[in-house]
Structure formats: C-alpha cells, structure tokens
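The values are calculated or read from the model by the stated rules, or taken from the named source; none is laboratory data. These numbers come from a predicted model, not from an experiment. Positions of Cβ are generated from backbone atoms using ideal geometry, with glycine treated the same way; all protein chains shown enter the neighbour counts. Calculation scope for accessible area: heavy atoms of the full protein, side chains included, ligands and nucleic acids excluded. Shrake-Rupley method; radii C 1.70, N 1.55, O 1.52, S 1.80 Å.
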Amino acid sequence: MAREQQIKLTVNGRSYEKTVPARLSLADFLRDHLHLTGTHLGCEHGVCGACTISMNGRSARSCLALAVQADGAEIVTIEGLRAEDGTRHPMQQLFLENFALQCGYCTPGFLITAIELLRDNPKPTEHEVREAISGNLCRCSGYQAIVDAILAASRLELA
Amino acid sequence: MSDARFVNQRMVGSSVIPDEAIPLVEGDGRFLNDIKLPGMYHVAFLRSQHAHARLIAVDASEARKLPGVIKVLTGQELLGKVDPFRSMPNRFSGGESIQHWLAVDKVRFCGEAICAVVAEDRATAEDAVDLIKVDYDPLPAVTDPRLGELDGAPLVHEACANNYLIKREYERGNVDEIFRDAHTVVKRKFKIGRKQALCLEGRGCVAGYRENTFTLTVWMSHQLPYVVRHYLAKHLRMAETDVRVIIPHTGGGFGQKASIYPEEFVCAHLALTLRRPVKWVEDRIENMVASTHARDQTIELELAADKDGHILAISSDIWVDVGAYSTYLWSAGMEPLQTAGLMPGPYRIGAMRYRTRGVATNKTPVGPYRAVGRPSASASLELLIDEMARKLKLDPVEVRLRNLISEEAMPYRSANNLVHDNVNYIPCLKLSVLKSDYDRQRAEQREALASGKLRGIGVACFAELTGLGTSTAVGPGTLLQPGRDAATLRLETSGVLTIAAALPSQGQRIMTAMRQVASDELGIKLEDITSITNDTATAPYGFGTFASRTAVFGSGAVIMAARELRKRLLAMAAFLLKVPVEDLTIVNSVIQTVDRSRSISLRDMAEKSYFSAKDIPQELNQGFEVTSFYDPKFGSFAAGAHVVVVDVDPKTGHVEIVRYVATEDVGTVINPAVVEGQIVGGIAQGIGEALLEELVYDDAGQPRTVTLADYLIPSALEIPRIELHHANTPSAALGGFKGCGEGSIIGALGAVACAISDALSRKGGDIHSFPATPERVLKGLGVLPGDA
Ligand code: FES
Ligand code: FES
C-alpha cells in the first residue's frame, strides 16, 4: 500500500542505497533500517532535540525529516563521532569526564548540537552555549554539567 | 596496620568517572526501543476520547480486516482471564477503585486504553486503531476535587462515596487551644498545578515468549524489576519462576516508572497467548495522558506563633486531584498523605492537625513523582513563614533560624512522629546565607526597588526522609514497607568481583557507587569490580530504585556482604600461604602479608579454589559468593537550604532567576560529581514546577497539554548556574550515607516561590498559585484582573 522510493545517501562515511516507504521518517530509517539506534526519539514532534543528527553539515531533527528527503545527503549520527581507531571524539570524552549525562537519552542530540556550535563559534560564552543548546531538552542534568563540558571543549582547542 | 583502607586511596568520596556512562556517550546504549526480537509483533492502543463515558459498543471488524493486523484485543475478552488492578488496601481508603487493563463498560479518563491492536509493524497497528469504532455514551465528568467531593456530584467509581479515594484526619496536641491563645496567626492558600515527570524516554516493553524456562521474559523501562515480576506472575496467574524481568537502559524514571500500568501487562498477556514476542513503545502523546501525573493540590494552611516568631502549631486542609484510579501499588495516598504528614519539614513543630483527601476525578491517575508531596508541603509552609515574618517584622532568615531543629535538640520527635537525628538543618542555612552574601543581597534588593526594578529573595529550608527502612511505610497507609534490599558479591573465576543487586539506574550511577564502596571494603581495584543491577535472573531480591533509597540500600548491602566475603578470602589465603590470617590484608586486588613477604593475587586464588581445589578443605572452599540483605530500620533525614534571587518584570510578568545558592546535607558522599548532578537536576525540575510546568484540562476533562510544545519544561536558558555547597553529616545508616535524589526539588519550589512572593509583596501584591506563569504574576501584581 505504502508508496516506496529509492534513496542513496552516506551515513557515518558509508554509502547506502535503500528502498524505503515514502512515509518513513529519517529517524526511523536510521534506527530500524540501518540499525543505528544511537539516535533517540523523545517527542517525534521537533521539540526535544533527542533525535538531532548532522545532515550536510547542519544539525537537523531526524524525527521531522522523511527518509526520502535525505536522498543524496551526507549524515553523521552519534555512532559516527568516534575516530576510526575507536577513540572517542573530544566532546564525547568531555561529556564523560564532566558527568554531563545521567540517563543518557538526550546525549546524542546534545553531542551533535555541541560539536556544531564549536565549529561555528569556537569560543562561545556561557550564555552563547546555553542559547545554542536551548533547543535540546534534558530532564536529568539541569544542564550545568553539559554547559561545563562544552566550555571545556572550547578551551581544549587552545592547547 | 592491616586495614586495606589505610594503604589504598579511598574510592568513597572520589568523583570516579562511571564506566557505565561509556556506552551512552558512544551511542551504544540499549534502550527499550532498541530491542528487536525475531518474529516480533507491535502493539498500539486505542484510547478513550472521553473523560467519562459508558462504552456502548466497540466495533473492531474493519481493523481486523486490515492486512498485517494479527489481533485486536478488547477488555471484554480479558475478563476472567487476568486479574484487574484493585487499589492497594490503604488504612485511609475512601473506597476501592478497580482498573481493568482495557476498559470494560466505562471509561474514566481521556487516554484510558480500550483496545490493543497487534500487527506486523507499528504503523499498521496505528492505522488499525483508527479503524475501530467506539460508541460512547458520555457521562458528566468530575474535573474539580472541590466540586467532586460534594454530595450529589457524579461518581467516578460507585464504590467511592463523594469520590474519596483517600481521606484522613490527624491531630497531635491541642491545636484549637494553641491557635486560640497564640500571639500571631497567619493563614494562606497554596495551589500547585498538575505535573508530569516527563522522562525523555516514555514507557515501553518487549514481552518475549518461549517454551520451558522463563516462559515470559519482559524487558521494561521501569524502576522496580522484582515488583514487576511479582505482580506479572500474580495477575497473569503464573509461577514467578517462569517470569524474568530485564530493565534496559532507561531514559529517566523519576517515579513515573515505579508504578504498575495496564499496557505492559496487556503486552505480557499477548505474548503468552500469541506465543510471539510483542513490543509497545509509548509515544509522547500517550505518555502525557497515560503515564501518571503528579501534584495538583490545593492547600489551606494556618500557623500559630508566639511574639518572637516561634511556630507553635500548624493546621492544614488539603485537596488532591488524584485522577481516575488509585495508582497501582502505591494507592491514591501518596500525594494526599505525604503532603499532609510531612508538612512540618525541618522545623520544631510540636502540634499539628490536618484534614487531607484524595478525590477521584476523570483525569489521568496521579502517582509518584520525584519527592512526592514534599515540594508542595514545603513551599506552602515556607510561604507562610515569610508571611509571618512580614507580620512580625522579622527577617526570613532569622525566623527560620529560630524554628529549625538544632543539632543540640536532636534526636527530636516532630508532631508527625518522625525522629530527626544526625542532620544539619541550621548549618545548611548558615552556609547558604554566608555564600550568597545574604545581607548584601538584601541591600541590592533595596537599591533595585528604589530604581524601579522588582527584585525578590527567597529562602527555603527542607528536610527529606531518605533510605527508609522497614519501620516506615513508603506508601503511607499501605502495608508496603520496601525497607530491605540485597546485594550479592561474587569473586568470579577470573578474580573479578561482580556485584549484583536489583537496583536499576536511570542515571544515578549506582553501579559505580557500589563498586566504589566495595573497593574500599575489600581492597579490590575498581577496574576489577563489575556490577549488574537490572535482571531478576541474576540479581538477588530487591525492591528497586525510588524514594532516594538506592545508594543507601545498595551500599549497605554491599558493605555487609563485603565484610563476610573478606573473611572468606582471607581464610583461604591464610591456608594457601600458610600464614596466620591476622597477618593478611588486601591491597590492589592482592592478598599479602603486612610485611609483603608472601602474597597471592585474587586472580590466582580464584583460579586455584575453583579449578584446582583438590588439597583445599571443603569447609574453606564454600565459594566466594555472599548475599546480604540490608535494612536500615529507620530512614535518614537529608537536608538543605536554598537562597534564590529573582527579578520580576512588572510589565510582562516574566520571572528571571539571577542567583541560586544551595547548601545540602546528603551524608557521606560516595561520588561527589554524581551527587552534584542529582542535586542540580532536581533543582532544575523544581524551577520547572515553580515557573513553567502545568498540565491543563478543560471543564469536560479534555487534556489541553499533550505535547512538549504545550507542557513546558526548562531549557538551558531558564536554568541559572547553581552554586552548590555542602554541610554534610553522616547518617546512622551503614557507611553514613543518605539519599540525595529528591531533596533539591523540594527546596527549589519553595525558594523560587518565596522569592517571587517577596518581589510581589514590595508592590503590595502576592501569589498563591504555581507555576508562576507570566499571567499569574501579572494577576498577583494587580495588572491583570483575577486571583493569583
Ligand atoms: S524526537 Fe525529534 S525533536 Fe524530539
Ligand atoms: S541525561 Fe536524561 S534527559 Fe538528559
């Protein structure tokens, strides 16, 4: 019944060609078809940011996009953040060291957002950090440790 | 010195980076929705569109015809096969509520499950839900507890006269007389809206079926694996040993995942009858209407004091809108009884009276949520203390210092019969006052007011009863006394120590905490200790994670088991090394003589005793596996004092928190960074309660807040930097630990509420109803008409 469509895209450096139902969301495609379950769903409504991924270099809510819209796109999810040898991305390491996650459900979205922030603004103020992550909700941490982890990462670039 | 701790660096008290967070930060977590089993079906629920209605007919014929649909289950079909949820007997029960897993005859709230659809995939199941036709005969809805308790109001349950699910009156001391003779009496009304725990991950389950062992294995996003196992077996009429419950990574709990709900039980039934695994994952709209709500109270509170501001007695009248059913397991008594009973908080209050009721309404049931009852109890009293201070022209800090239970007065039995001991109420307040530079804050406030800015300062002190032993019922009025839990310590054949306990974590890092405690007790290196906390097949019996108990119970049981295990390890080493046991100690996972002349690693000893035991006497080789149960008997009070400064915009009603200083007493700290995370996270939720969060219903019982765009939780912009300090004193529990998961949310609501009230009072205004939305603030200032 559902109409299907062919898509070609790159996810975490690997290219895929898949036939997907037209109504399939990008988040469900990543999770159910590519088994990349690191991307989480908190609202499926574009509000919580848990599903944030990087699409063509910009952060995007994978619950709002359809898989077919990602045709030709280059996508990075949390699974693609580690280096090839398995070393954690500095932001992952600093989230860990700063205790920036409790349940960890929101973490994938925050990591993607934080990495994008420092790419665009390598030396943000605390307020700029808070502003940049204000589209990602965390119910556990009260944000303080997340803000500290991102600020620590911004200092790291100096060294 | 043969004490390992003398040689080793102590792990308790260090901010050890938790291994258990690594998969979460690498995208390797396994949450409920990540689980897939071969041949798994998917479940979606048809939910009531009406708050209160008779079910005339349910026609699922079209849905059943949809390709991919396996089954449509109705409440009628379940009748007689499974046992519905009857409210947990409570001494203060008004009447019984019976909750069928799928509604039969009547629906009692919007969102109540009516049918379950099983299909090949979730999208098809949802499509099929839309094809089911339900014929409702709407009934008048009860949406206001003050109207619902009146004679002649429509009844939510026939068995509950005046819609009382809970009702209790209590008096200690001659309250009337004290009020009559008191120098000063102040009164105040306090309202707190309906809340949602709002775990970022909703509920969900995968129920797996197989022949023979563990016929039913259920993966569930939940806090209490053994409780779920017990009740699944009971309600499905199975043997407990056939049921296994596994808790995957869990995206928040906060009490919402500590109750028992129909949906997961329906899924278990479906897996057993279809003999196939089934999965249900709650979406956000379902979560907003089908997972328990919280708070929703009106409190009328009175206080009698002498001329110096010493509180002599309090008297309260409390109405809680508890929703359509008595929440299974905990009963409807949680909010009504805890709010009333814990009202005295950290203050020396010798006489009290309350009348409290939980009134059934046609709304989602109210269940436990972080710090049940105490935030509103505390905030209503703190606001009233400020009012008394204004009346007596005393400073809010001074009046609190006069009333807090001092260390010298302890042990102190409060009018609610709870004993306060080993707790630093006054030091917490003094430190917060010092660190916030309180006098300067007041001076700056005066300057701000003089220049036309509206600034307020709030001070709130709280007491939080944590780690409750068997002498205190967690569900007041019920027989539930979840006051003991176990840990099993086992030295594996590789020499690694495994700690098993049924204490799942939703981010509290309990596995790391227990490893830290065990490391200190046993002299085993942290990296040689693993922990498992989420599986009834591997963990000893335990009640689970809630009520700020897990660190207290997990650590206590670990300490007890470790002491026994240590004896066994040393005895074995003494035999193998042929030295007296008194000469031995364990350092860095090696057992050695104090002079270090002889040693054996735990790895070598484990290998020998498990694999080459020929020469070892049987009595010595009873296995390196010890299970201990720990019951602290009583609870331990944790404490805190928060000082908050807010600016209120008199034109927009917007409240901004400009300074937040918190001091807490959480006993001996296991992992400071984890504790800080718990406290800051709790404060953020308290700020949400105070300023933003409210579930709204219309008069017909229709929910108006069903998405995250309507129910606002704080973002990073609404939460200020929290300055956190400690005035800890060890509790009487093993290790001196206290719980730290809930206290801060109590302090936050009270402190922010007092700060706003303080600001408004400078313009002759006030506020009684929270969250303090801009509209309410403007009403409080008299800018908009109406009560605030
Ligand atoms: S799941 Fe996409 S924004 Fe919440
Ligand atoms: S860590 Fe739980 S939602 Fe952010």
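Straight-line reach only, C-alpha to C-alpha below 19 angstrom: list the lysines that A:K8 could link to, leaving out same-chain residues fewer than 8 apart. The reachable lysines, counting only those whose Cα sits under 19 Å from A:K8, are A:K18.
For B:T530 and B:D698, the FRET efficiency from 1/(1 + (r/R0)^6), where r spans their Cβ atoms and R0 equals 56 Å, is about 0.60.
Among A:74-83, B:738-747, the peptide with the highest mean count of other Cβ atoms within 10 Å heads the list, and the full ranking is B:738-747, A:74-83. At an R0 of 56 angstrom, the distance between the Cβ atoms of B:I98 and B:S599 translates into a FRET efficiency of 0.30.
Using a probe of 1.4 Å, the accessible surface attributed to B:S93 totals some 60 Å² when neighbouring protein chains are kept in position. Taking only the Cα atoms of chain B, the ratio Rg/Rh comes out at 1.00, with Rh defined as the Kirkwood radius. Derived scalar couplings between HN and Hα for segment A:37-48 equal 7, x, 7, 10, 10, x, 8, 6, 9, x, 9, 8 Hz in order, rounded to whole Hz, by the Karplus curve 6.51 cos²θ - 1.76 cosθ + 1.60 (θ = phi - 60°), x for Gly and Pro.
Along the axis of the charge dipole computed for the protein assembly as shown (Cβ charges of +1 for Lys and Arg, -1 for Asp and Glu, origin at the Cα centre), the listed residues B:I166, B:Q618, B:I687 are led at the positive end by B:Q618. Could you work out the Rg to Rh ratio of the protein assembly as shown, with Rh taken as the Kirkwood radius (inverse of the mean 1/r over all Cα pairs)? Radius of gyration relative to Kirkwood radius: 0.97. Ordering B:M11, B:A197, B:G208 by the projection of their Cα atoms onto the charge dipole of the protein assembly as shown, which places +1 on the Cβ of Lys and Arg and -1 on the Cβ of Asp and Glu, puts B:M11 at the extreme positive end.
Summing Lys and Arg as +1 and Asp and Glu as -1 over all other residues whose Cβ lies under 14 Å from the Cβ of B:S628 gives a net charge of +1. Applying both filters, DSSP loop and at most 10 other Cβ atoms within 10 Å, to the GluC sites (Glu not before Pro) of segment B:577-619 gives B:E619. Label-to-label distance, B:N416 versus B:D308, with points set 7 angstrom from Cα along the beta-carbon direction: 2.6 nm. Given the pairs B:K234/B:K257; B:K36/B:K363; B:K81/B:K106; B:K525/B:K614; B:K167/B:K187, which are separated by over 24 angstrom at their Cα positions? Flagged as over cut-off: B:K36/B:K363; B:K525/B:K614.
Applying both filters, DSSP loop and at most 16 other Cβ atoms within 10 Å, to the trypsin sites (Lys or Arg not before Pro) of segment B:81-132 gives B:K81, B:R91. With all protein chains kept in place, the per residue accessible area of the protein assembly as shown amounts to 36 square angstrom at a probe of 1.4 angstrom. If one takes the accessible area of chain B alone plus chain A alone and subtracts that of the pair, with a 1.4 Å probe, what total in Å², rounded to the nearest 100, results? Approximately 4200 Å² gets buried when B meets A.
Protein heavy-atom surface of the protein assembly as shown, 1.4 angstrom probe: 50% of the accessible area is carbon and sulfur, with nucleic acids and ligands not counted. The length gained by stretching the chain between B:E619 and B:A159 to full extension, at 0.36 nm per residue less their Cα-Cα distance, is 159.6 nm. Backbone phi angles across segment B:22-34, fed through the Karplus curve with coefficients 6.51, -1.76 and 1.60 (θ = phi - 60°), yield HN-Hα couplings of 4, x, 5, 7, 9, x, 10, x, 10, 8, 3, 5, 8 Hz in residue order; Gly and Pro are listed as x. Shielding by partners for peptide A:27-40, expressed as the average number of C-beta atoms from other protein chains within 10 Å of each residue's C-beta, is 3. In summary, the lysines within cross-link reach of B:K738, defined as a Cα separation below 19 angstrom excluding same-chain residues under 8 places away, comprise B:K633.
Note on B:A537 and A:H127: the model spin-label points, each 7 Å out from Cα along the C-beta direction, lie 5.5 nm apart. For trypsin sites (Lys or Arg not before Pro), the sites in segment B:1-80 that DSSP calls loop and that have at most 14 other Cβ atoms within 10 Å are B:R10, B:R30, B:K36. Peptide A:104-115 is shielded by partner chain Cβ atoms: per residue, an average of 4 of them sit within 10 Å of its Cβ. For the segment B:677-686, counting C-beta atoms of other chains within 10 Å of every residue's C-beta and taking the mean gives 5. Rounded to the nearest whole Hz, the Karplus-based 3J(HN,Hα) values (6.51 cos²θ - 1.76 cosθ + 1.60, θ = phi - 60°) of segment B:370-376 follow the sequence 2, 6, 2, x, 5, x, 6, with x at glycine and proline.
The length gained on full extension between B:D130 and B:K391, counted as 0.36 nm times the residue separation minus their Cα-Cα distance, comes to 88.0 nm. Of all DSSP beta bridges confined to segment B:462-614, the antiparallel ones make up roughly 75%.
Taking amide H atoms as placed 1.01 Å from N in the peptide plane, the amide H of B:F737 lies under 5 Å from those of B:T668, B:S731, each 5 or more residues away in sequence or on another chain. Computed with every protein chain present, the accessible area of A:H89 is close to 50 Å² [probe 1.4 Å].
Using just its DSSP H runs of length 4 or more, each adding -39500 (n - 2.57), the protein assembly as shown gives a mean residue ellipticity at 222 nm of -8500 deg cm²/dmol after division by all residues.
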